Amino acid sequence: MAKWKKGVSLTLITVLSSIAVLSGCSSDSKPNATDTGKQGTAQTTGVKFGEQQLDISFYGNYDWFTMPVWGQDLATKWVKENKKVNVTGVPNGGNSEQKFNTLMASKELPDVIWLERGAQVEKLRAAGMLVSFDEYLDKYPNLKKWAGEATLNMLRSSDGKLYQFPNWYTQRPAGNAGYMINLKIYKELGEPKLETYDDLYAYLKQVKAKYPEVTPFDSGVQAQNVEIMYPGFANDHPVTNINMRAVPEGNELKSIFADPVYRESLTYSSKLFREKLITQDVLTQTKDQIDEKVNNGKVAVMAASSVTEFGSKGTTALQSKDPSHPGYQMIWPIHKEGVDKTKVFPGHYATLGWNVNVITKSAKNPEAIFAFLDWMTGEEGQRVMFWGPEGEYWQGTDDKGTPKFTDKYYSDATGRAKLMDSLVNLQWVGNTTYIDTAKTDIELKLPAEKQSWETRNQTQVAWKTVFNRTEFVNLDPPSNTEEGMVQQRIKDIFTESRAKALFAKSDAEVTSILDKAEKDAQAAGYAKLLKYQTDRWQENKKKIGK
């Protein structure tokens with residue numbers, strides 16, 4: 001899977017697995033149910049899934065994705081037998097782009113396609129190949145209940161209809177970004193104040209002097225610590241701005257290269273890099289290399305977009321060698337003196353979640369397929385597709401719908417982990433709100449010392465310091481348009497200038513590099529791209545009523 005996207009489901013699974021180790025809106029515009037695409041007719045029979053056999057062909061539009069064989073694990077075997085649903089994967093041959101184009105050209109589409117929001121969805125819709133969901137939303141209410149009308153409105157296409165069924169959407173903060181510290185080193189250095197960038201600089205100097213074999217300030221891949229420092233230099237400057245390579249000012253998006261906050265953050269980062277307080281291979285190191293350092297306690301401070309993953313595994317590794325080692329702990333985001341610490345957002349999330357499912361007009365019974373997806377995204381479906389069918393690892397639920405785990409859940413760690421791992425690539429309509437709420441409810445009933453590392457740090461820090469970036473999603477232009485080509489050039493300028501700035505010999509050189517980046521970006525058509533993105537942003541705000 002793509003790096004952070006895979007982490008959405010895997011992090012949840014990892015967190016829940018660790019518990020056992022420790023403890024025992026509908027549009028007025030309605031679709032025509034008999035709309036005909038060139039490749040077939042959508043037949044809405046009104047028969048719900050589970051009443052008769054439902055066979056679904058499913059295509060995952062990712063090079064890495066291979067559809068697990070349906071019915072070979074406990075969960076899908078139960079669904080196949082009890083809900084009369086069988087799903088057959090359509091292979092992509094390791095080249096999803098070529099396969100997608102072949103499918104469109106042949107006009108013989110799978111019933112369901114799982115893919116990114118954006119250009120390819122719109123390509124299918126514009127060709128009349130997709131079934132809209134509007135008439136199903138009230139008949140099968142789970143999606144509408146859990147995603148909410150604002151999120152569904154954000155997923156609507158330009159014709160006002162809904163064609164996309166979201167995956168890992170959420171109505172609550174979610175994320176794993178931020179800072180963590182090596183508690184052993186921190187305690188040995190006297191637990192100094194570590195809140196501002198001045199504090200951080202002084203602390204890193206201490207680490208370098210006393211622990212020459214330790215990286216003072218490490219990062220996730222591709223200099224994530226540099227990105228995560230940006231939000232701390234001003235109020236309400238979330239990491240989202242780095243992601244967009246644009247900065248909101250009033251009702252417009254402006255240049256990131258001209259942003260004084262970005263310039264100050266990169267100047268500070270360059271200073272740390274010049275003084276070897278940041279790992280010198282911050283732009284090139286692999287995740288395996290980072291894991292090795294973290295797991296051996298060779299990192300004093302770290303910032304990453306999924307720092308919880310590193311912190312949890314690192315703490316486990318260190319304590320397996322030395323049970324007295326305190327491991328790692330997240331800290332509140334570092335910030336500039338005078339910045340309100342409650343307005344610093346190193347992480348972000350969107351209510352739309354990760355990717356989407358579309359139902360094509362090749363499907364013989366699209367309503368039954370929608371009903372099935374709606375069941376999967378509801379409470380029962382999430383329990384089955386996350387923890388397996390009732391009776392094996394859970395039995396019954398509490399008044400919040402949280403599963404009650406059986407003794408086997410706690411005693412059969414190997415079997416439980418094998419099941420949960422087998423379901424990762426079958427979780428196409430994940431409901432983050434339900435899963436995270438259930439996970440938290442379960443863990444908070446445990447003594448603090450038996451709660452998982454992730455839950456403690458997510459609830460205390462990570463989820464309190466994330467920014468809801470929903471209004472800024474879907475701003476990218478199609479790659480084959482003028483704006484799309486400009487965007488690629490801006491991305492290249494951003495990446496190149498950041499690398500040069502880190503290696504700069506002085507603060508003045510950083511300024512010179514960013515001046516040139518701004519000039520090059522404007523020459524490449526940056527203003528036109530920003531205008532395009534601003535327009536999409538304003539449209540989003542209208543959709544969510546902001």
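Mean projection of the alpha-carbon convex hull of the stretch 458-503 over all orientations, in nm²?
Numbers: hull surface 21.1 nm².
Averaged projected area of the stretch 458-503's Cα convex hull equals 5.3 nm².
Suppose the chain between Glu116 and Ala448 were pulled fully straight at 0.36 nm per residue; how much longer would it get relative to their current alpha carbon spacing? Working shown, then result.
Working: separation 332, 0.36 × 332 = 119.52 nm, distance 3.85 nm.
Full extension from Glu116 to Ala448 adds 115.7 nm.
Can you give me the distance in nm between label points at Val221 and Asp199, each placed 7 Å from the Cα along the Cα-to-Cβ direction?
About 3.2 nm, to one decimal.
Label-point separation (nm) for Gln72 and Ala417, each offset 7 Å from Cα along Cα-to-Cβ?
For the pair Gln72/Ala417, the computed spacing is 2.1 nm.
If you take the C-alpha gyration tensor of the stretch 320-466, multiply each eigenvalue by 5 and take the square root, what semi-axes do you get, largest first, in whole Å? Write out the running numbers ahead of the final one.
Values: eigenvalues 212, 121, 37 Å².
Equivalent-ellipsoid dimensions as semi-axes: 33, 25, 14 Å.
With just the Cα atoms of the stretch 432-546, tell me how far they stretch along each of the three principal axes, in Å, largest first.
Projected onto the principal axes, the Cα atoms of the stretch 432-546 cover 58, 44, 24 Å.
Taking a quarter of the surface of the Cα convex hull of the chain, what do you get in nm²?
Working: hull surface 100.4 nm².
Reported value for the Cα convex hull: 25.1 nm².
So, R0 is 60 Å and r is the distance between the beta-carbons of Glu213 and Glu51; what FRET efficiency does that work out to, to 0.05? Walk me through the intermediate numbers first.
On the way: r = 65 Å, r/R0 = 1.09.
Efficiency computed from Cβ-Cβ geometry: 0.40.
Taking the Cα-to-Cβ direction at Thr397 and at Gln98 and moving 7 Å from each Cα, how far apart do the two end points lie in nm?
Computed distance between label sites Thr397 and Gln98 equals 4.5 nm.
So for the stretch 302-359, considering every pair of alpha-carbon atoms, how many percent are separated by more than 18 Å? Show your work: numbers first, answer last.
Values: 959 of 1653 pairs.
In whole percent, the long-distance tail amounts to 58.
Once the Cβ-Cβ distance between Lys287 and Asn480 is put in as r, and R0 is 35 Å, what FRET efficiency do you end up with, to the nearest 0.05? Don't jump to the answer; show the numbers that get you there.
Details: r = 32 Å, r/R0 = 0.92.
For Lys287 and Asn480, the calculated efficiency is 0.65.
Amide H to amide H under 5 Å from Gln329: which residues, 5+ apart in sequence or cross-chain, H placed 1.01 Å off N in plane?
Ile181, Leu183
For a Förster distance of 41 Å, can you work out the FRET efficiency between the beta-carbons of Ile544 and Lys139, rounded to the nearest 0.05? Could you put the intermediate results ahead of the total?
Details: r = 25 Å, r/R0 = 0.60.
After rounding, the FRET efficiency stands at 0.95.
Given a cut-off of 28 Å, name the pairs among Lys445/Lys541; Lys321/Lys400; Lys298/Lys491; Lys210/Lys505; Lys208/Lys321 whose C-alpha atoms lie farther apart than that in the structure shown.
On the way: Lys445/Lys541 39 Å; Lys321/Lys400 39 Å; Lys298/Lys491 33 Å; Lys210/Lys505 25 Å; Lys208/Lys321 24 Å.
Going by Cα-Cα distance, Lys445/Lys541; Lys321/Lys400; Lys298/Lys491 fall outside the 28 Å limit.
Which aspartates and glutamates have a Cα lying under 13 Å from the Cα of Lys184, excluding residues fewer than 8 positions away in the same chain?
Once the sequence-local aspartates and glutamates are set aside, what remains near Lys184 is Asp322.
Expected output is a single nm value to one decimal: the length gained when fully extending between Lys107 and Lys491, i.e. 0.36 nm times separation in residues minus the C-alpha distance. What is it?
134.8 nm
Hey, for a label at Asp63 modelled as a point 7 Å past Cα toward Cβ, could you say which residues of the stretch 215-253 have their backbone N under 11 Å away?
Those under the cut-off are none; the list is empty.
Among bridges DSSP assigns within the chain, what percent are antiparallel (round to 5)?
On the way: 23 of 42 bridges.
Approximately 55 percent, going by the DSSP bridge assignments.
Read the figures in this text as sums done on the coordinates, not as results from a lab. In this text the structure is predicted, and so the values were computed from the model without any measurement. Cβ atoms come from the backbone with ideal geometry, glycine included; neighbour counts cover every protein chain shown.
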